[in-house]
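Beneath this line is the structure, given in structure tokens, with notes to follow.
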Amino acid sequence: MAPCLRSSTKMIATSDFLFIFGGSNPNMSKNSKSALQDVHRFNILTRKWTKLNVDNIPASLICFSTCWNPNPSDTNLVGYIYGGAYDSEGIQMSNELYKFLIDSDGGISFEKVHVENKPSPRCGSAMIMNKTGKLYLIGGADEKGYLCDVWVLDMKMGKLSWKEIKHGCLLKGRYMHEVMLIYDKIFLIAGGDGDWSAPLDKIDVFDIKTQKFIQINTLSDENHGYPHPRQFLSAVIDGTDAYIIGGLAYIKSEQGPASSNMADTKIFSDIWKLSQIIIDGEIFYKWNKMSTSLKMALFFHASAITPEGCVYNFGGCIDAKFMYPSNKLQRFWINPPTLKQISMFKALSNNPSLIEQIQDLRQSLSMKLIRGH
């Protein structure tokens, strides 16, 4: 059975499975404002959902941040969850860090990581880990307002302690943004606050080497210009390409700042690609609007990409009042599926009885790491 309707969830993917973590459903009769404290697994080959019985699931699974460890062990994939809200109104937030491990059979386990000098409890932040084993946490919103701070945690140290990086830049605070790591630079994509959404013609970038923020001017799509500034979008990364998907924009009126009224909002179904290109030896970043789009406009949804290049999108809100979430699963390919995948999907499509005979069948024996939100 598919997970219940939800938004503000997160999804991760391997070659074999999708995993859905928590989220929010304001229309559930019991504890409707509390985070959904559950994990669901989708078998990509058999297209079957399973609700997993897992201990130590974090309770703050609304607007939390998650990332993969790019240096997994031989036996498990490793990822991290930070912060989030315990309730849909963000009255109580977390500053705890959890580690999750996924084994070759698609089993998952959680454990709390004991860390000193924690950042403030927050939601809507973004987190990423580089290949040297350092976690970077950027922005979000806490009880005082919107943040633009940067924290780092070296997971190779015996005694773990967060360290705030004093970057000295007076950036506007933002939450519900996405991040991507290209070499030694962390790109902050979209997000914003109640009155402002970060533009996408210019992107704020944190330079790990200099410990400072810089701003990069991007190149527009020749026919469609730039993506509209937005929040509550999703993004996936494929090498040095980033794909942003859907989202919500507060439209400014002539009389004043952006409004959160339903009539002054726009929900997107579009998909844009930000690519690194080299012209005369100089690196540029260029936007291209994809020819495909979501089947329905969404925000507060989750997306993840498999190692084979298939992007899955799950859940999200379909109305600007944040009241009607979805549990639809959509997908699109950024790379053509392999002949092996096509033949396997076709065989099961023509012989559906095989699905009932195969328990947790996987596409391959290996589980490869991907980056998903």
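The values are calculated or read from the model by the stated rules, or taken from the named source; none is laboratory data. A quick note: this is a predicted structure, and the numbers were derived from the prediction, not measured. Virtual Cβ from ideal backbone geometry, glycine too; neighbours counted across all protein chains shown.
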note = Here the qualifying pairs (Cβ atoms under 7 Å; residues six or more apart or on different chains; first in the stretch 213-224 and basic (K, R); second modelled with pLDDT under 95 and surrounded by 15 or more Cβ atoms within 10 Å (Cβ to Cβ)) come out as none
task = Evaluate the stretch 145-154: report whether one residue or more is touching an Asp or Glu at 6+ places or on another chain (Cβ under 9 Å), acidic (D, E) and under 16 Å from L188 (Cα atoms).
result = yes
ask   = Tell me, which residue of the stretch 294-331 that is within 22 Å of F17 (Cβ to Cβ) and among the hydroxyl-bearing types (S, T, Y) is surrounded by the most Cβ atoms within 10 Å (Cβ to Cβ)?
value = S303
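Given the residues Y146, Y98, which is the only one that is farther than 23 Å from D55 by Cβ and in a strand (DSSP E or B)?
That would be Y146, the only listed residue that is farther than 23 Å from D55 by Cβ and in a strand (DSSP E or B).
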ask   = So how many residues does the stretch 265-300 have that are assigned to a strand (DSSP E or B) and closer than 21 Å to D241 by Cβ?
value = 24
task = For residues that are over 12 Å from D142 (Cα atoms) and small (G, A, S), scanning just the stretch 85-109, find the one that is nearest to the chain's Cα centre (by Cα).
result = S88
remark   = Flagged pairs (Cβ under 8 angstrom, 6 or more apart or on separate chains; first in the stretch 62-78, closer than 9 Å to M129 by Cα and surrounded by 19 or more Cβ atoms within 10 Å (Cβ to Cβ); second modelled with pLDDT of 95 or more and among the charged types (D, E, K, R)) are none
query = Regarding I186, is this residue part of a strand (DSSP E or B), β-branched (V, I, T) and farther than 18 Å from M127 by Cβ?
reply = no
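If you check S109 against the conditions, is it more than 28 Å from Q330 (Cβ to Cβ), assigned to a strand (DSSP E or B) and in contact with a strand residue (DSSP E or B) (Cβ under 9 Å, 6 or more places away or on another chain)? Before the answer, list the steps.
Details: more than 28 Å from Q330 (Cβ to Cβ): yes; assigned to a strand (DSSP E or B): yes; in contact with a strand residue (DSSP E or B) (Cβ under 9 Å, 6 or more places away or on another chain): yes.
Taking the combined requirement at face value, the residue satisfies it.
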